[in-house]
Amino acid sequence: MDLLGGMSRDDLRIFTWVAATVFALVAGVWRPRRLHWTALGSVLLFAALNAGAGIYVLNHFRDSRWSAGGEPPLSAPSLSGTPIVGQFLGPLDSAMNGVVGGVNEFLAFKQALPVALDFLAASGWALLVAFPLAILAAGISYAVARRRTAEFEKYRATVDLLKDELEQVKRQISSAA
């Protein structure tokens, strides 16, 4: 079952952008405090979708969607219909059909390769963008963790101070009684 069979190359290109954008919006609304990780995740999703689209194009290179108005497939002439010697050239027909079929597959691959390389190049650029985003996200997470640790230590100091005051109050009450 081919889920992407009805999509043209432009639809496939738009799908990668829309899927990454929808992910970014949904994840951004769901976890607004982690937008840095959401941005990184959407860029990585975009890279994965483009790599997958490139692989899909290479796996389905015979599909006519990838030819940009290129030349039509070649067909081998039939030699068996030749007068007088046609009956002897019959086995040559199947050999020529095999060669022409191989040439047609090569031409289909040649037409699909630039489309696949466009998707793979977009994936590469997304990974290139993801690297500094990952460093930025890790830096932001480190800063947030340090701030939380400092707040926790401040609260711990307040609790310790209150415990000391409570002990002093207990001693004053027990010495007064």
In degrees, nearest ten, helix 35-59 long axis to first principal axis of the chain (Cα): 20
Rolling a 1.4 angstrom probe over the protein heavy atoms, how many square angstrom per residue are accessible across segment 1-135? 65
Expected sort for 42-52, 141-151, 9-19 on mean C-beta neighbours within 10 Å, highest first, is 42-52, 9-19, 141-151
If you roll a 1.4 angstrom probe over the protein chains with everything in place, what fraction of the accessible area of segment 48-177 belongs to carbon and sulfur, to the nearest %? 68
Relative to the longest principal Cα axis of the chain, at what angle does helix 9-30 sit, 0 to 90 degrees, rounded to 10? 10
Taking the C-alpha atoms of segment 61-177, convex hull volume expressed per residue in Å³: 169
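The values are calculated or read from the model by the stated rules, or taken from the named source; none is laboratory data. Everything numeric in this text was worked out from a predicted model, so none of it was measured. Neighbour counts run over all protein chains shown; Cβ positions are idealised from the backbone, glycine included. Note: areas computed on protein heavy atoms with side chains; ligands, DNA, RNA excluded. Shrake-Rupley method; radii C 1.70, N 1.55, O 1.52, S 1.80 Å.
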